[in-house]
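Encoded as structure tokens, the structure appears first; notes follow it.
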Amino acid sequence: TSPVAAGQGLPVVTVTKIIDHSHLNADGMLSLSTLLKWMDITACLAAELHCRKMSVTISMDEVSFPAEEYGKVAVGQALLLRGQVNNAFNTSMEVGVLVTSEALGTGATATVCLAFFIFVAIDESGGKARVEPVVPVTFEEQHEFALAAERRKVRIKRRQVEKTMASRLLPSPPVSPVTLRSSAVRSSQFGSTSA
């Protein structure tokens, strides 16, 4: 693991894994669950490097796999996982994780996977903790910083739409027996109002 300290642009952590047979699935391909676990760990290290607090994964989205490259990951190759905090928003952070493979014999590299993780910083009492903003330095960092802000707007809008749709699709809560008995008692006390 190779961290880049906060204050020198966007916080970055790089993790290297050497693929062996235990990382493959029954079809001889890199296990997806193993890859996603490594990506989550890398993203968490980057988030905690920035906020200096325990952080938890809230979501992962926009996962992309170039199928032809993912299928070529083989035993003996190195996987380089690079986690970068693209932006920080009050208590949450977006971390982009780029995974590339490298053939140790030739040095040839290829993109295997890219995804974005959202982390929330946690304080000593288990509640959300505020995080400091990140300060992009290079043009590329400024570009990622701006894109992360736009992706956050999309996520917020998507949550609002999903909440609205769920409220329309979910059935009304059932009436409890206590409520039914109370209604019957009121009806017997005041009589029927029907003509």
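The values are calculated or read from the model by the stated rules, or taken from the named source; none is laboratory data. Owing to the predicted nature of the structure, the values given are computational and were not obtained by experimental measurement. Counting neighbours? That spans all protein chains shown, and the Cβs are built from the backbone with ideal geometry, glycine included. For the accessible areas, the whole protein counts, side chains as well, though only heavy atoms, and no ligand, DNA or RNA atoms are used. Shrake-Rupley method; radii C 1.70, N 1.55, O 1.52, S 1.80 Å.
Suppose we look only past 19 Å in the calculated P(r) of segment 1-114. What percent of the Cα-Cα pairs does that tail hold? Of all Cα-Cα pairs in segment 1-114, 45 percent lie more than 19 Å apart. In a simple Cβ point-charge model (Lys, Arg +1; Asp, Glu -1; nothing else charged), segment 69-145 has a dipole of about 180 debye relative to its Cα centre. To put it simply, the accessible area of segment 103-150 at a 1.4 Å probe is 60 percent carbon and sulfur. When each of the peptides 123-134, 48-59 is scored by the mean number of other C-beta atoms lying within 10 Å of its residues, the order from highest to lowest reads 48-59, 123-134.
Net charge dipole, segment 1-109: roughly 360 debye, given to the nearest 20, about the Cα centre with Cβ charges of +1 for Lys and Arg and -1 for Asp and Glu.
Debye-formula intensities of segment 50-171, expressed as log10 I(q)/I(0) at q = 0.09, 0.11, 0.15, 0.23 Å⁻¹, are -0.36, -0.52, -0.85, -1.24 (one equal scatterer per alpha-carbon, no solvent).
Here the Karplus relation 6.51 cos²θ - 1.76 cosθ + 1.60, evaluated at θ = phi - 60°, turns the backbone of segment 143-159 into coupling constants of 5, 5, 4, 5, 5, 5, 5, 5, 5, 5, 4, 5, 5, 4, 5, 5, 5 Hz, with x for every Gly and Pro. Rounded, prolate or oblate: which one fits segment 52-99, using the alpha carbon gyration tensor with axes a ≥ b ≥ c (rounded when a/c is under 1.5, else prolate when a/b beats b/c, else oblate)? Prolate, because a/c is 1.5 or more and a/b exceeds b/c.
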